[in-house]
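The values are calculated or read from the model by the stated rules, or taken from the named source; none is laboratory data. Bear in mind the structure is a predicted one, so any value in this text is a computation, not a measurement. Every residue, glycine among them, receives a Cβ derived from its backbone with ideal geometry; neighbour counts consider all protein chains shown. SASA here: full protein model, heavy atoms, side chains in, ligands and nucleic acids out. Shrake-Rupley method; radii C 1.70, N 1.55, O 1.52, S 1.80 Å.
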Amino acid sequence: MNYAEIKKLDIANGLGCRVSLFVSGCRNHCPGCFNECTWDFNYGKEFTAAVQDEIIAAMSPVHIIGLSVLGGEPFEEENQRELLPFLQKVRSTYPDKNIWCFSGYIFDKDIKPAEGRKHCEVTDELLKCIDVLVDGPFIQAQKDITLNYRGSRNQRILGLKNGELEKIIEDRKES
């Protein structure tokens, strides 16, 4: 897996001050995507053990409350397989910090169901590592810059517990 960028002090991609990892590779190709360069799975740099250690070290200060994983698309199957052991390590190293993940796929249609188009052999374990999932494709016609942590009104902020939907943190904004 490749990654496009690591932000060690990010306040835009989740609650509080966080570290953010932008993975490479996305098959959604949403028109108007803010990060189109990350569609290419070969874009950026290799996600090595040293890079993973760098991210974990960057999360150590008390003011960092968690990790955000964006893209590209974290839920492309090949990215899920690479992210799972890393997120498990983050979870075991920092059990009190949260993990946010952003996906252009829909949790209850594409990701969670065993027959979902982005569900693979590691999906359930990966979801157990995630506290908050922002789901849904970016839709240019529903773009709304007033939304927290989302680009378009169709996207949802979902609280997960043990890989299951616990609650919708902020429901879809009505027009």
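Amide H contacts of Gly66 (H built 1.01 Å from N, in plane; Pro and chain starts excluded): Val19, Asn98 sit under 5 Å, all sequence-distant by 5 or more or on other chains.
Relative to one another, the C-alpha centroids of the range 1-39 and the range 41-75 are positioned 10 Å apart. Considering helices alone, the calculated mean residue ellipticity of the chain at 222 nm is -6000 deg cm²/dmol, with DSSP H runs of length four and up weighted by -39500 (n - 2.57) and normalised per residue. Listed by chain and number, the lysines placed with their C-alpha closer than 22 angstrom to that of Lys45 are Lys7, Lys8, Lys89; residues fewer than eight positions away on the same chain are left out. Lys167 sits with roughly 120 Å² accessible to a 1.4 Å probe, with DNA, RNA and ligands left out of the calculation.
Accessible surface calculations at 1.4 Å, restricted to protein heavy atoms, place the chain at 48 Å² per residue.
Got a number for carbon plus sulfur as a percent of the chain's accessible area, 1.4 Å probe? Can you show the working numbers first?
On the way: 4370 of 8460 Å².
Here carbon and sulfur together make up 52 percent of the probe-accessible area.
What FRET efficiency, computed as 1/(1 + (r/R0)^6) with R0 = 41 Å and r the Cβ-Cβ distance, is obtained for Ile11 and Glu115, rounded to the nearest 0.05? Rounded to the nearest 0.05, the efficiency is 0.65.
Identify all lysines with a Cα-Cα distance to Lys167 below 22 Å; exclude those on the same chain that are fewer than 8 residues away in sequence. By straight Cα distance, Lys167 reaches Lys97, Lys109, Lys112, Lys118, Lys128. Computed with a 1.4 Å probe over protein heavy atoms only, the accessible area of Ser60 comes to about 70 Å².
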